[in-house]
Amino acid sequence: MKIIKISDHDYDPNWDYDVVKTNKEIQAIVQEITKDLSSKLLPKLNIPSMEVRFVRNINRLGKYIGGTSSRPVVVLDIKEIQNGIKKHNVDIKTAIETTITHELGHAMQERFQIPANEIYAEELAHKWHYKKEIPDWVSLYLAYEPAKNSNGQKTSTKVQHLIDKAMEITRNYPQKWGDCYKINSTAAYWLNKKLPEYNWRFQIWQVKAHLDGEIEDVVDGEKIMTDEPDHILVYDVMTDKYLDFSTVLDDVEVLEYEKIDDMNGQEDRKLMRLLNAIR
Ligand SMILES: [Zn+2]
């Protein structure tokens with residue numbers, strides 16, 4: 001029986017896998033790719049270093065070793081890679097590089113505490129291979145990671161900046177009570193567009209609120225008087241906070257949440273322009 005689980009950066013694939021030696025030619029190729037990725041890709045991912053080892057009998061091209069995300073360990077099955085090369089008619093460099101970068105995608109998913117996702121791991125491999133760029137989901141989640149300034153204090157993230165700006169503009173944007181639905185929709189819609197479509201972190205919610213008096217609200221494009229207006233909130237899964245894009249809901253009891261999939265609310269062009277001007 002093998003006992004694993006010591007501190008993650010000390011992981012040795014020998015504990016769990018049949019680590020093998022591979023021929024000099026392949027070793028040289030992998031070394032070259034690793035060197036290239038280490039100097040160009042890893043800095044973009046905020047990863048200090050990685051390790052690539054050769055193993056056999058894992059029934060797939062490569063594997064990211066769970067728990068090593070601070071310094072990812074990736075194992076490659078060269079036999080599987082060679083089979084893949086024949087099957088898909090790609091060169092060995094491409095096959096090895098995209099296998100490693102795909103596995104780095106899984107390392108990033110673990111680090112961001114989001115579910116393992118094959119499509120997005122592959123997006124990293126693909127984007128890096130063809131464009132030398134990292135996908136939006138990686139940049140956005142990297143932006144969430146608290147950075148430290150020179151005094152060691154945590155600085156606000158880019159995404160927080162977007163949210164703050166959206167809230168500031170929404171707050172200062174002249175609005176009547178009856179306009180709130182429209183304005184909230186626009187701000188939420190804008191935020192949603194700036195965030196990954198698959199939205200692991202943010203969820204847009206429609207909220208029914210209870211007010212003391214009646215206000216004018218827009219429901220299905222029609223203005224009505226109601227004491228239960230619908231409003232749009234953005235729920236931030238990571239911080240477990242509801243980001244309120246109106247001032248109307250202050251001191252208002254939130255009664256029910258209903259998740260909405262798409263934003264049907266009318267777009268306010270003027271507010272949209274203001275929001276789009278944010279960098
Ligand atoms: Zn995968």
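The values are calculated or read from the model by the stated rules, or taken from the named source; none is laboratory data. Everything quoted here is computed from the prediction, not taken from an experiment. With ideal geometry, Cβ positions are generated from the backbone for all residues, glycine too; neighbour counts draw on all protein chains shown.
Side notes on the structure shown:
- Candidates Ile26, Ile33 - the one that is closer than 19 Å to Lys127 by Cα, surrounded by 13 or more Cβ atoms within 10 Å (Cβ to Cβ) and modelled with pLDDT of 90 or more: Ile33
- Residues located in the stretch 14-42, provided they are part of a loop (DSSP other than H, G, I, E, B) and not charged (D, E, K, R): Tyr17, Val20, Thr22, Asn23
- Only one of the numbered conditions (1) at pLDDT 95 or above; (2) of a type in the set (A, V, I, L, M); (3) touching a strand residue (DSSP E or B) at 6+ places or on another chain (Cβ under 9 Å) is violated by Leu45, and that is (3).
- Spans of strands (runs of 3 or more DSSP E) in the stretch 43-139 with at least 2 residues touching a residue at least 60 places away in the same chain (Cβ under 8 Å) and more than 12 Å from the ligand (Cβ to nearest atom): 73-76
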